[in-house]
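In what follows, a single structure is set out as structure tokens and then discussed.
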Amino acid sequence: MRRTSTGPILIGVALVILVAIFGYFAYQLNQQDKKLNSIQTSVVDDGDKIQSVVNFINTSISNAQSQTKK
């Protein structure tokens, strides 16, 4: 009767499972990075828009105040 060793087979299966888990983890990190980058871009764009509105309001107030002093 021939006896086969199951140790190398189990180690091979464990390594394949480990590589699959790391691959899935890397994939999920990549997806989260893409989402984070899009959120950062929209936050910067929204911040620029808000800043331009605030600057417009400040300029309008400054102009109104300077006209009333004359």
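The values are calculated or read from the model by the stated rules, or taken from the named source; none is laboratory data. Nothing here was measured: the structure is a model prediction, and the numbers come from that model. Glycine also receives a Cβ, built like all others from the backbone with ideal geometry; neighbour counts cover every protein chain displayed.
So if I check each of Ile39, Ile50, Ile9, Ile17, which one is part of a helix (DSSP H, G or I) and more than 35 Å from the chain's Cα centre (by Cα)?
Checking each option against the conditions leaves just Ile9.
With Ser66, Ser5, Ser62 as the choices, which residue is of a type in the set (S, T, N, Q) and surrounded by 10 or more Cβ atoms within 10 Å (Cβ to Cβ)?
Sole residue among the options that is of a type in the set (S, T, N, Q) and surrounded by 10 or more Cβ atoms within 10 Å (Cβ to Cβ): Ser62.
So Thr59 passes all but one of these: (1) modelled with pLDDT of 95 or more; (2) among the polar types (S, T, N, Q); (3) more than 14 Å from the chain's Cα centre (by Cα). Which condition number does it fail?
(1)
Hey, any hits in segment 34-48 for a residue that's among the basic types (Lys, Arg) and at pLDDT 95 or above?
Looking through segment 34-48, at least one residue is among the basic types (Lys, Arg) and at pLDDT 95 or above.
Would you say Gln51 is exposed (fewer than 10 other Cβ atoms within 10 Å of the Cβ) and of a type outside the set (Gly, Ala, Ser)?
no
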